[in-house]
Structures are given as C-alpha cells and as structure tokens.
Amino acid sequence: MKPLIVANWKMNPSSLAEARKLFNEIRKTNAVICPPFVYISAFKYIQLGAQDCCWKEEGAYTGAISPQMLKGLGVKYVIIGHSERRIHFKETDGMINKKLKAALNSVLIPILCIGEKKDENPETVISRQLKEDLDGIAEKDLKKIIVAYEPVWAIGTGDFCEKDEAKKARNFIRKKIGNKVLYGGSVNSKIAKDYIDVGYDGLLVGGASLNAEEFIKIVKNAQT
C-alpha cells in the first residue's frame, strides 16, 4: 500500500480562484486534500479532508462545523488536535477527545496530531497526549484513528526532525497504539522519502502543499 500523503492548506489560499487552481494542479496525486472549510463544497474529490471539527452535531456553537456537516460535503478525513489549534485556540486534550469521538460517530477518519514543543521530552508528551486524547474510545474505533507525529518546533520553521529521531518517536507511538503513523513538520521533497524509509505510513504536509510543483515532488518521492 502506498504511503498516505495529506495536504493541510491551513488558512490558505486567500481566494476561491486560487484554491481551484491549486486543487486542479495537485488532484492527480491522489493525496488527501484538506482545504479551509469555505472551499470544501467547491471540490468533488474522493480524498477530501477537513482541518478541524466540533464535538457537537448541531446547536448554539457560533462558527463551529459539525462532523455530520463535513460528511455531507463528501469529506472523508478530519485533522484533529493540530498544534496550531492547541496553541492559538487553546484546545485542550479533553476537547480533542470529544472531537475524536464525534468524528468517529460520523464515520470520518480522524488524523490525530501529537508532538512536543522545544525542550520537552517527546515520550513524556506523546504518552500524555495519547492517554488523554484517546480516553474512553472503544478498541474497535481506536483502530480507525491515524496518528500524525508533528513536533511543534518543526512546524513551519524549516527545522525538520532528523530521521533517526523521527524513527524513535514513530517506534514509541507504535508501541502505544499500533495504528498508522504519519510524520509532519517542515516536510519537503528532499527529505520526504527519509520518513517513509524509517517506517512512517505517510506524511502530513503543511506549507509545502501550497506549492503545486513541490507537493507533487513530495508525493512522488514518498510513494516510489
């Protein structure tokens, strides 16, 4: 099975016209594409993902998007617990736990992001996040969750995690939960294959996914 490559566009691009152009350039990669909420309905694609979801199906939650709404738009995957959500929007592990359960109830495939900040011990942080984020989730549902290891210090900095250290984190995660594990954090086409070679099941790509030429190279290099 080919590695799973996920494109997280974050709050980009700034217009629907630009989003359509980028989408049309990279759609043949068969990667999971996670555009901003407002662009999702413009795309018909088997591998659509969302960048977040609420833990409620409906109600008085201004600005929130439910998993059921995403499902209705053809979304298959949803990123949950990204460090930018944890930092900028103060998401706690308790909130992330509820989002995971809601996504699973709506038959979406969650991509749970975990990882340490600079000067934190990776194993300590990973252990805590997995314990709290996965609390109370049934064994049959646990198997459906994809884990993305994204060291916070590597995201958007260009300071990627060396493959040997990434391998240690991957092996530790697999001992805790035997699911698919992706790597994310300043991924580029030159190092993409390194993470696959040390055992990762795919990549979660942020900024580089906005450059069609570079993203296509990442997918090609990771999957060959």
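Odds and ends about this structure:
- Relative contact order, percent, region 4-222 [alpha-carbon distance under 8 Å, six or more residues apart]: 20 percent
- Residues whose placed amide H lies under 5 Å from that of Lys180, excluding near-sequence neighbours: Val147
- Entries in Lys118/Lys167; Lys21/Lys167; Lys71/Lys176; Lys21/Lys117 that, when Cα-Cα distance is taken, lie over 27 Å: Lys21/Lys167; Lys71/Lys176; Lys21/Lys117
- Projecting label points 7 angstrom from Cα along Cα→Cβ for Asp135 and Tyr61 puts them 1.8 nm apart.
- Put a dot 7 Å past the Cα of Asn105, heading toward its Cβ, do the same for Lys118, and the two dots end up 4.0 nm apart.
- Contour minus Cα-Cα distance for Ala42 and Lys168 (0.36 nm per residue): 41.4 nm
- Net lengthening on full extension, Asn12/Ile216 (0.36 nm per residue, minus Cα-Cα): 71.7 nm
- Euclidean distance of C-alpha centroids, region 112-132 and region 35-49, integer Å: 30 Å
- Residue order, fewest to most surrounding Cβ atoms within 10 angstrom, among Met69, Met1: Met1, Met69
- Unsatisfied cross-links (Cα-Cα over 31 Å) in the set Lys2/Lys90; Lys90/Lys217; Lys168/Lys217; Lys44/Lys144; Lys98/Lys220: Lys2/Lys90; Lys90/Lys217; Lys98/Lys220
- This ranking places His88, His82 by how few other beta-carbon atoms lie within 10 Å of each, fewest first, which gives His88, His82.
- Each of Ile146, Ile137 was scored by other Cβ atoms within 10 Å of its Cβ. Listed from fewest to most, they are Ile137, Ile146.
- Region 145-180 versus region 89-105: alpha-carbon centroid distance in Å: 20 Å
No lab work stands behind these numbers, since they all come straight from the coordinates. It should be emphasised that the depicted structure is a prediction, and the values quoted were computed from it without experimental measurement. A quick note on method: Cβ atoms are made from the backbone with ideal geometry, for glycine too, and the neighbour counts reach across all protein chains shown.
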